[in-house]
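Working notes, beginning with the structure itself.
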Amino acid sequence: MSAVPESVEFHLPFDSSILMSALTVGLIALVSWVGTRKLSMIPRGGQNFLEWILGIIYQFADDMIGPQARRYYPLFAMLFFFILVSNLMGLIPGLFSSTSRLSTTVGLAMVVFFSTHYFGIKERGIGAYIKHWFGPVPVWLKPFMFLIELIGELARPLSLSFRLFGNILAKEILLGVLCMLVVIFLPSGNIIQQVLALVPLILRPLIILLGILVSIIQAFVFMILAMVYIGGAVQAQEGH
Amino acid sequence: MADRNPALIRQLWQASMAGIMLAACIFVGTGIGVWLDRWLGTRPWLTIGFMLLGIVAGFYNVFKIVSALNNPRRLK
């Protein structure tokens, strides 16, 4: 039994969130293929739209990381499009967001976590990178500083993954519960309950609008925080 | 989108992280403590110690974020 009452049981030998992730990837690949099929210097239609979104992402990456941001464009674009499409997929009846499963969001957060440290070591060298973990404190405090920084670093993927997971699961459960209320109230034969069924019927479109907003904002937040983390790792610390 | 202030947007997201980072740091610290206690059989000392470290780490991170908000040049 799925946590979301609205969702369909797919009866697969593996977790159905993998199917949803695969669908998401397939959809992104299809849209990219359609959008880039007829490339022209003056973009129109799908190409124009995709270039507009990518332009915004690139601009943000440039603002936050600086000139070396170019190298990380694909990572940020991947995070944004995957999370956005996956979030919005949950609004289609019968499908659900793969980001409403903790395994997917933890996977995404792990990608950010490991790439942060990989790029940090690669850009600044392992010595300088390890040095910034010990902070600007006296020698006797350095072990504590290392532990504190370690806990802070480990808390990042935790907060990243749980926020995305919580927001999207809440949206899915809320939509599912409203759907179930209509299903329970309408055929009940009781006039009061049938009138009450109007409330979720009116509420549901509004929650779907809210869901679209949350989907876009969460995809954006995840991408921006990935930029903040990777930017912090690859740039030389000035304050210390 | 031309007139946006990138430092402001970055600060906004960082500030939204402050609360959740405080909780997550305590959670991670306590988690490490419980795990080490199970492994080394020193219950409950490492749990208490690492929970305190987690609290310190949480406040340290909040302090870092807030001081960066006051001084955008140092924001990392």
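Please treat every number below as a calculation from the coordinates, not as lab data. Keep in mind the model is a prediction, meaning the values are calculated, not measured. Positions of Cβ are backbone-derived with ideal geometry, glycine not excepted, and every protein chain shown enters the neighbour counts.
Here are the numbers:
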read-out: Amide H within-cut-off set for residue A:90, under 5 Å, with H built and near neighbours excluded; value: A:97
read-out: Inter-probe distance in nm under a simple model that places probes 7 Å from Cα toward Cβ, at residue A:199 and residue A:22; value: 4.2
read-out: Along each principal axis, Cα extent of region B:18-70, largest first, Å; value: 44, 14, 10
read-out: Table column - 3J(HN,Hα) (Hz), region A:89-105, Karplus curve with 6.51, -1.76, 1.60, x for Gly and Pro; value: 4, x, 7, 8, x, x, 9, 9, 6, 5, 6, 8, 10, 4, 4, 5, 5
read-out: Per-residue ³J(HN,Hα) for region A:150-162, Karplus 6.51 cos²θ - 1.76 cosθ + 1.60, θ = phi - 60°, Hz, x for Gly and Pro; value: 4, 5, x, 5, 6, 6, 4, x, 4, 5, 4, 5, 5
read-out: Cα-based reach from residue A:131 at 19 Å (exclusive), listing lysines while leaving out same-chain residues under 8 positions away; value: A:122, A:142, B:64, B:76
read-out: Point-to-point label distance, residue A:150-residue A:190, nm (Cα→Cβ direction, 7 Å offset); value: 5.8
read-out: Max mean-square fluctuation residue, GNM over chain A, Cα-Cα springs under 10 Å, options A:228, A:106, A:137; value: A:137
read-out: Residues in region B:11-43 reached by a label modelled at residue B:59 [backbone nitrogen below 15 Å; 7 Å Cα→Cβ]; value: B:22-23, B:25-26
read-out: Percent breakdown of C-alpha pair distances by 20 Å bin, ordered from the shortest bin, for the protein assembly as shown; value: 27, 52, 20, 1
read-out: Once exposed loop GluC sites (Glu not before Pro) are cut out (DSSP; at most 12 other Cβ, 10 Å), longest piece of chain A; value: A:10-237
read-out: Added length on full extension, which subtracts the Cα-Cα distance from 0.36 nm per residue, residue A:30 to residue A:141; value: 34.6 nm
read-out: At R0 = 45 Å, FRET efficiency that the Cβ-Cβ distance of residue A:49 and residue A:130 yields, to 0.05; value: 0.55
read-out: Residue A:40-residue B:69 FRET efficiency (beta carbon distance; Förster radius 35 Å; 0.05 resolution); value: 0.20
read-out: ³J(HN,Hα), Karplus 6.51/-1.76/1.60, whole Hz, each residue of region A:218-223, x for Gly, Pro; value: 5, 4, 5, 4, 4, 5
read-out: Computed helical MRE - 222 nm, chain A, DSSP H runs ≥ 4 contributing -39500 (n - 2.57), nearest 500; value: -25000 deg cm²/dmol
